[in-house]
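See structure below.
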Amino acid sequence: MDDLITSTENGLYCPAGDFHIDAWGSVGRNIVTHGHSDHARFGAASYLCTRQSAPILQKRLGDVSIDARDYGDVIDINGVRVSLHPAGHILGSAQVRIEHRGQICVASGDYKRQPDPTCAPFEPIRCHTFITECTFGLPIFHWTDPTIVMADINAWWRDNHAAGRTSMLAAYSLGKAQRVLAGLDASTGPILLHGAVVPLVELYRQAGVTLPPTEHASVENAKLHRGRAFVIAPPGALNSTWVRKFAPFSLGAASGWMRVRGFRRRKAADRGFVLSDHVDFDALLQTIKETGAEHVMATHGYTTVLARLLNDRGQRCTIINTRFGDDEDEPIEPAALAESEGAA
Ligand SMILES: [Zn+2]
Ligand SMILES: [Zn+2]
């Protein structure tokens, strides 16, 4: 029964339907869960994804053949019933439900359970086999209510504004940046976007997501809005000289990794905001329970920790080695987490 999805050198594969999921390398039909670069890769003959994901894939992969479907549509692929369901991760993100001869397998891609105004909420699906990520699959990872996190970010902006400092926030350009933007109080001041964030924010607007007005974080705007603006930039841009034109500024970072004290220090951020587009540990276990799955397959993150924990509880959990990475930032070795504030 587990042969419904197997692990190949190109990633997850369904032999009965002859298609891959989030594959790498040259494959035929590829079902893509979402637009992050470790899941949406070049090389497939054709792509199947959600309607909301299609423009992101097009932007990322260029002129490839895309079959875009609505959440819940049932597609017959060589006798296998395939449907896409909300994963709550980023705009258009989907879980892939596969049904064949009474067996149901769900590949969740990346997902979260917290409310996010920029994408459809995660939908738990009953299945026999559940394929899950473990990006934050350690007990120290526990998320704060996002409403509280956004209130903290807005208060930080007001304080900086009063002190004549620009608020410079590092946030992953696809998903996190838009989620933060949606929660910003635009009455505080102007919101500027790094050039890498601008086109992705436009895609969200085109998809009907309501976001406050923004301007490009150009040299002119840096001067014009000095000390008042809120700037959103990808983490990499903040290690470059680009940030200097916004001085004086306070540097913040929004990521699940901000739960770890040492990480914030390495990023040289003045403020770390714990905000993740992945499930925390409790939500991961809760989700596995809600699926009712007999077999859990762990794809990336702290897979060994999850497998040990579930196996100890008598639940079958196996690890599949994939090339999926971390779209929040670089992961941290479990040993380095000993000094984490969350461990207390
Ligand atoms: Zn992702
Ligand atoms: Zn991922």
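The values are calculated or read from the model by the stated rules, or taken from the named source; none is laboratory data. Bear in mind that the values here come from a model prediction, so they are computed numbers and not experimental data. So basically every Cβ, Gly included, is an ideal-geometry build from the backbone, and we count neighbours across all protein chains shown. Areas reflect the complete protein model, heavy atoms only, side chains present, ligands, DNA and RNA absent. Shrake-Rupley method; radii C 1.70, N 1.55, O 1.52, S 1.80 Å.
Going by the structure shown, is residue 171 open to solvent by 30 Å² or more (accessible area, probe 1.4 Å), at negative phi and either touching a residue at least 12 places away in the same chain (Cβ under 8 Å) or over 24 Å from the mean Cα position of the chain (by Cα) (or both)?
no
Just to be sure before I move on: is residue 58 more than 18 Å from residue 26 (Cβ to Cβ) and within 16 Å of the chain's Cα centre (by Cα) in the structure I sent?
It is false that residue 58 is more than 18 Å from residue 26 (Cβ to Cβ) and within 16 Å of the chain's Cα centre (by Cα).
I'd like to know if region 268-288 contains one or more residues that are under 20 Å from the mean Cα position of the chain (by Cα), basic (Lys, Arg), surrounded by fewer than 21 Cβ atoms within 10 Å (Cβ to Cβ) and outside any helix (DSSP H, G or I).
no
Can you report the number of residues in region 244-281 which are at pLDDT 90 or above and away from ligand 2 (no atom under 16 Å from the Cβ)?
Matching residues across region 244-281 total 17.
If you go through region 187-225 one residue at a time, how many are touching a Lys or Arg at 6+ places or on another chain (Cβ under 9 Å), open to solvent by 50 Å² or more (accessible area, probe 1.4 Å) and in contact (Cβ under 8 Å) with a residue 40 or more places away in the chain?
Counting residues in region 187-225 that are touching a Lys or Arg at 6+ places or on another chain (Cβ under 9 Å), open to solvent by 50 Å² or more (accessible area, probe 1.4 Å) and in contact (Cβ under 8 Å) with a residue 40 or more places away in the chain gives 1.
Go through region 65-84 residue by residue and tally those that are away from ligand 1 (no atom under 16 Å from the Cβ), part of a strand (DSSP E or B) and either open to solvent by 20 Å² or more (accessible area, probe 1.4 Å) or touching a Ser or Thr at 6+ places or on another chain (Cβ under 6 Å) (or both).
Going through region 65-84, the residues away from ligand 1 (no atom under 16 Å from the Cβ) turn out to be 65-83.
Okay, now just the ones that are also part of a strand (DSSP E or B), so 66-69, 75-77, 80-83.
Subsequent filtering for residues that are either open to solvent by 20 Å² or more (accessible area, probe 1.4 Å) or touching a Ser or Thr at 6+ places or on another chain (Cβ under 6 Å) (or both) retains 66-69, 76, 81.
Of the residues in region 65-84, 6 are away from ligand 1 (no atom under 16 Å from the Cβ), part of a strand (DSSP E or B) and either open to solvent by 20 Å² or more (accessible area, probe 1.4 Å) or touching a Ser or Thr at 6+ places or on another chain (Cβ under 6 Å) (or both).
Within region 167-196, track down each residue that is farther than 16 Å from residue 149 by Cα, among the hydroxyl-bearing types (Ser, Thr, Tyr) and away from ligand 2 (no atom under 16 Å from the Cβ).
Those that are farther than 16 Å from residue 149 by Cα, among the hydroxyl-bearing types (Ser, Thr, Tyr) and away from ligand 2 (no atom under 16 Å from the Cβ): 187, 188.
Tell me the strands (runs of 3 or more DSSP E) entirely within region 1-64 that contain at least 3 residues that are within 25 Å of residue 295 (Cα to Cα) and open to solvent by less than 60 Å² (accessible area, probe 1.4 Å).
In region 1-64, 11-14, 19-21 are the strands (runs of 3 or more DSSP E) which contain 3 or more residues that are within 25 Å of residue 295 (Cα to Cα) and open to solvent by less than 60 Å² (accessible area, probe 1.4 Å).
Does region 110-123 contain at least one residue that is surrounded by 20 or more Cβ atoms within 10 Å (Cβ to Cβ) and closer than 16 Å to residue 16 by Cα?
no
May I ask you to list the residues in region 174-186 that are open to solvent by 10 Å² or more (accessible area, probe 1.4 Å) and of a type in the set (Val, Ile, Thr)?
The answer is none; no residue qualifies.
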